[in-house]
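*Asks:* Structure in structure tokens, see below.
Values in this text are rule-based calculations from the coordinates and carry no lab data. Quantities reported herein were computed from a predicted structural model and do not represent experimental measurements. Positions of Cβ are backbone-derived with ideal geometry, glycine not excepted, and every protein chain shown enters the neighbour counts.
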Number of protein chains: 2
Amino acid sequence: MSRKIITVGRQFGSNGRAIAKLMAAELGLNFYDKELIEMAAKRMGMEPEQFAAADEKGANPWLYAGNHVQNYPNHMLPINDVLFNVQSQVIRDLANRESCVIVGRAADYVLRDRRDMLNIFIYAPMESRLKTIQKRFDIDEKEARNRIRKQDKDRKYYYNYYTDSGWGEMENYFLTIDSSRFGIEETARILAATVGAVTF
Amino acid sequence: MSRKIITVGRQFGSNGRAIAKLMAAELGLNFYDKELIEMAAKRMGMEPEQFAAADEKGANPWLYAGNHVQNYPNHMLPINDVLFNVQSQVIRDLANRESCVIVGRAADYVLRDRRDMLNIFIYAPMESRLKTIQKRFDIDEKEARNRIRKQDKDRKYYYNYYTDSGWGEMENYFLTIDSSRFGIEETARILAATVGAVTF
């Protein structure tokens, strides 16, 4: 099998992460999500917690004065930008080394010039996402709706801030799929079959 | 194998029709596109040519006074609405009878209550569609761009006129795919693998 790098974008509450993880297992590929922060932190000689608050968030221009990283060449760069830069390098190194599945972190943009990259976006109708998030955090519908709005907004802002592309817009992906139709296990199996059929 | 009804929406110039046809062949399913007009015309005792001009076009309210069908229960219904109604019945009858692939004609909306229906949307970036249409009709880029705009507008108007859904909007489909990435044969093969992995 030739090298395959699968990047997965996902709406909050679509179960995209769980699906990507199962798909990776089915395809026998390594899976990277939060691990990327740890790898980026390690590279900077920092603790992952120092980066966690900036994960998948664009820099806030109003906070530009604070929250920088001392041991980065450009001291004035906000921590979010440092995380994006270091994480992007981690992603590029991973893709040079192995086939893998990478969730979020604008990895499809970072790897946009690779011919062996497939980008997938996983979405679901709002009713389905509300149910998932209510159950996941044991919260009521109103709070679930707020969290979904906030999280999607953060992801979109992060993606659009660091790329010249649009998060969650069909035209920017090779494939998009509604995860609510068949649930986590089945969607993972369907995506593994899809990706398995691709030959570069 | 359980029954599968695959409906395919497609941007003009995405090669969606050719891909759907190959996918149907690969899956061993019957394929319906223009055939639907002939079947609808036959049911009405009309010539297909009488319906052809109304194919995948919503009724024009400014022409409401003309262009009706005499042998339809409601004489005042525009020919486009008659075609939609009769074609929808043809589509429902097909789905009751066999697994098949149906292109366009808002078939996914017509069959929206069936659990064994999968709706797919095929798109491609504008540059790719321009090349396809220029070549297909031996026209220059400007004319190709006009045809694409016109044809997509017609399809969208038709779909949105007869349904309460939005044509070409990711959220309304189970799966969407960019056909420019791997071309006609490969995309058909990938979709056949995807659909083949679905079990209802």
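*Asks:* Within 10 Å of each candidate Cβ there may be at most 16 other Cβ atoms; applying that plus a DSSP loop requirement, which GluC sites (Glu not before Pro) in segment B:89-160 survive? Could you put the intermediate results ahead of the total?
*Replies:* Working: sites: B:98, B:127, B:141, B:143; in loops: B:98.
Counting only loop positions with at most 16 other Cβ atoms within 10 Å, the GluC sites (Glu not before Pro) in segment B:89-160 are B:98.
*Asks:* Also, quick follow-up: Excluding residues on the same chain fewer than 8 positions from residue A:153, give the lysines whose Cα lies under 17 Å from its Cα.
*Replies:* Partners within reach: A:57, A:142.
*Asks:* Where q = 0.12 Å⁻¹, what log10 of I(q)/I(0) comes from the Debye formula for segment A:118-195, counting one point per Cα?
*Replies:* With no solvent term, the Cα-only Debye profile gives -0.41.
*Asks:* Please compute the average number of Cβ atoms from other chains found within 10 Å of each residue's Cβ in peptide A:192-199.
*Replies:* On the way: counts 2, 8, 9, 3, 4, 10, 7, 4.
Partner-chain Cβ atoms within 10 Å, mean over residues of A:192-199: 6.
*Asks:* How far, in nm, would the chain grow between residue B:186 and residue B:57 when pulled straight, counting 0.36 nm per residue and subtracting the alpha carbon separation?
*Replies:* Numbers: separation 129, 0.36 × 129 = 46.44 nm, distance 3.06 nm.
Roughly 43.4 nm would be gained on extension.
*Asks:* Given a Förster distance of 56 Å, report the FRET efficiency between residue B:161 and residue A:112 from their Cβ-Cβ distance, rounded to the nearest 0.05. Could the numbers behind the result be given before it?
*Replies:* Values: r = 37 Å, r/R0 = 0.67.
Efficiency for this residue pair is about 0.90.
*Asks:* Can you give me the distance in nm between label points at residue A:92 and residue A:149, each placed 7 Å from the Cα along the Cα-to-Cβ direction?
*Replies:* Using points 7 Å along Cα→Cβ, the separation is 3.8 nm.
*Asks:* One decimal, nm, shortest first: give the distances between the label point of residue B:161 and those of the same position in the other copies, each label point 7 Å from Cα along Cα→Cβ.
*Replies:* Copy-to-copy label distances at residue B:161, shortest first: 4.5 nm.
*Asks:* Helix check for chain A. Which DSSP H runs span at least 24 Å along their own axis by Cα, with a mean Kyte-Doolittle hydropathy no less than -1.0? Could you put the intermediate results ahead of the total?
*Replies:* On the way: long enough: A:79-97 (27 Å, -0.03); A:141-162 (31 Å, -2.65).
Helices passing the filter in chain A: A:79-97.
*Asks:* So in segment B:5-197, what percent of DSSP beta bridges are antiparallel if you round to the nearest 5? Could you put the intermediate results ahead of the total?
*Replies:* Details: 1 of 18 bridges.
Of all bridge pairs located within segment B:5-197, approximately 5 percent are antiparallel.
*Asks:* List the distances, in nm to one decimal, from the label point of residue A:200 to the label points of the same position in every other copy, shortest first, placing each label point 7 Å from Cα along the Cα-to-Cβ direction.
*Replies:* Computed spacing set for this position: 3.7 nm.
*Asks:* Okay, next question. Give the percent of DSSP beta bridges with both residues in the protein assembly as shown that are antiparallel, rounded to the nearest 5. The partial results should precede the final answer.
*Replies:* Details: 5 of 39 bridges.
Around 15 percent of the beta bridges assigned by DSSP in the protein assembly as shown are antiparallel ones.
*Asks:* Quick one: with label points 7 Å out along Cα→Cβ, list the inter-copy distances for residue A:28 in nm, shortest first?
*Replies:* Copy-to-copy label distances for residue A:28: 2.8 nm.
*Asks:* Right, next: Which whole-number percent of Cα pairs in chain A have a distance greater than 23 Å?
*Replies:* Numbers: 9086 of 19900 pairs.
Counting pairs separated by more than 23 Å, the tail of P(r) holds 46 percent.
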